[in-house]
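The values are calculated or read from the model by the stated rules, or taken from the named source; none is laboratory data. The shown structure was predicted, so the numbers you read here are calculated from the model rather than taken from an experiment. All Cβ positions, even for glycine, are placed from backbone atoms using ideal geometry, and neighbour counts span all protein chains on display.
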Amino acid sequence: MRYPLGYRFLRLFADIRPGEASKALMLAANVFLLLLAYYILKPLRESLLLINKDSAVVKSALGGAQAVLFIFVIKAFSRLASKVPRHTLITWTTSFFISNLVIFFFLHKFGMAVKPMGILFFVWVGIFNYFVIAQFWGFANDLYSDEAGKRIFPLVALGATLGGLVATLPFMKKLRDVLGGNWEFKLMLIAGIVLFLCIVLARTIHRRDVRQALADKEKGLAGAAETVRVQAQPLKAGGGFRLVFKSRYLLLIALMIGLYNFVNATGEFIISQVTVNQSIQARNAGPADAPAGLPRQTDSKAIHNAFMDYQLLTNIIALVIQLFLVSRIFKWVGVGGALLFLPLLALGGYALISFGAVLVLVRWVKAFENGTDYSLQNTTKAALFLVTKREEKYKAKAAIDTFFVRGGDTLSALAVVAGTQLLGLRIERYALLNVAVVAALLVICMKIIGAYKKRRAAMDAAAGAEAVPAA
């Protein structure tokens, strides 16, 4: 089949077909803006929090606070999702986060100190990031079948990769300088405007999807009437945690994501500590382990620059993988095979760091790890939910991508606190710990692949049974 020129271009990145481009591109734009907002905010949390030599340890410990808060957040979200339709759900939750950014701006304006502000903002960003992205992918899963989603999600996920990349380009540093004094809090308001545009896009996508379903209903297409009915209704009652623990498949995904986030959070501690040590060394013109008499201070702007450079490298890697590899990996080895790439990469990377945590090596290992996570792994995790029920796409995914992620953070925080305060471990020992956890992660991934195949086979069998006319 010969495709129009625009589709031939899009098919460089995903197996997209005529009639599918507009919705896919709007979803890509939506997640682009979500990630743009997040990456505007992420360096701010580092620059506000990493203000002394012990900040990297504090940063790890705050993951536990986020995990506890997520218990209440998910319960509230599950109740709201059972009362309002999806477009209202997305509008209300995103508006809540926008209002929080305005509150942070005025708290600073009225004189709140930077240190407690940094702690509050760090906890808030961790909740915001995982929650809105989980909600977005629940929405995207609700719009596509298993077959269409696996083809189209690489293009949708490209929007996320581009959002992260644009926010870390050099012009963002110039914008910071243009904003002048209190630039951190002015950037918060800019992120709030970006989130408002996300609401507009999500509601537009929903309306177009409903109109298409109504048109299909008028044509008498099979299943169209049921689609219209479902789209207008809230989700069935039931909590996200209950859905996770009822399903072996979902529980395995939760364990995988929790363990991987342990690895990632421990890696973030490694790069944060190495970056802080270098900042201290550069500012004081002395070694990081200098005598107690030498002032040990960091430079917030230098740290902001360092993390923006690190995120820029990460997002360039993620963009290359998303553009040229993700759809091809899905086509060559399927969702199951794609699931194994990140653990194998992390295994090799942390094994290298265990021989010596040099900043250049740590930065490149973490950039490749996070770049693969933001592109291939995020697309794969989203595709795993194409074979789930509608309530599982929203509620269970939100629970997994928030509480279980932060549960991994909490375990990492305990390991960091024990290692730094009780055992006095060197950075390289944390890398060895990650190697051991990744080995366990690979075993769980193999079990998920088996469970995914069973679910897909069951769906195919059910679809085949419906297609057979009654005797």
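Tell me which of these Gly111 doesn't satisfy, since it passes every other one: (1) farther than 26 Å from Lys23 by Cα; (2) of a type outside the set (A, V, I, L, M, F, W, C); (3) modelled with pLDDT of 90 or more.
(3)
Of all residues in region 399-450, how many are charged (D, E, K, R) and touching a Phe, Trp or Tyr at 6+ places or on another chain (Cβ under 6 Å)?
Total satisfying the criteria: 2.
For region 95-135, which residues satisfy the criterion of being closer than 29 Å to Ala81 by Cα, β-branched (Val, Ile, Thr) and in contact (Cβ under 8 Å) with a residue 60 or more places away in the chain?
Ile98, Val102, Val123, Val125, Ile127, Val132, Ile133 - these are the residues of region 95-135 that are closer than 29 Å to Ala81 by Cα, β-branched (Val, Ile, Thr) and in contact (Cβ under 8 Å) with a residue 60 or more places away in the chain.
Restricting attention to region 99-122, does a residue exist that is over 20 Å from the mean Cα position of the chain (by Cα), at positive phi and surrounded by fewer than 22 Cβ atoms within 10 Å (Cβ to Cβ)?
yes
State the number of residues belonging to region 210-240 that are in a helix (DSSP H, G or I) and either modelled with pLDDT under 75 or closer than 19 Å to Asn141 by Cβ (or both).
Summing the residues that are in a helix (DSSP H, G or I) and either modelled with pLDDT under 75 or closer than 19 Å to Asn141 by Cβ (or both) in region 210-240 gives 15.
Just to be sure before I move on: is Thr161 assigned to a helix (DSSP H, G or I), farther than 22 Å from Ile316 by Cα and polar (S, T, N, Q) in the structure I sent?
It is false that Thr161 is assigned to a helix (DSSP H, G or I), farther than 22 Å from Ile316 by Cα and polar (S, T, N, Q).
Okay, residues lined up against (1) among the hydroxyl-bearing types (Ser, Thr, Tyr); (2) closer than 18 Å to Leu384 by Cβ; (3) surrounded by fewer than 22 Cβ atoms within 10 Å (Cβ to Cβ):
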| site | (1), (2), (3) |
| --- | --- |
| Ile316 | no, no, yes |
| Phe324 | no, no, yes |
| Ser327 | yes, yes, no |
| Leu345 | no, no, yes |
| Tyr350 | yes, no, no |
| Ile353 | no, no, no |
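For the subset of region 152-175 comprising residues that are surrounded by 21 or more Cβ atoms within 10 Å (Cβ to Cβ) and not hydrophobic (A, V, I, L, M, F, W, C), which member is nearest to Trp332 (Cα to Cα)?
Pro154
Given the conditions (1) part of a helix (DSSP H, G or I); (2) more than 17 Å from Ala21 (Cβ to Cβ), report the number of the one that Gly181 does not fulfil.
(1)
Against the condition farther than 23 Å from Ala396 by Cα and either surrounded by 20 or more Cβ atoms within 10 Å (Cβ to Cβ) or of a type in the set (Gly, Ala, Ser) (or both), how does Thr94 come out, does it pass?
no
Check Ala383, Ala431, Ala413 and return the single one that is in a helix (DSSP H, G or I), surrounded by 22 or more Cβ atoms within 10 Å (Cβ to Cβ), aliphatic (A, V, I, L, M) and at pLDDT below 90.
Ala413
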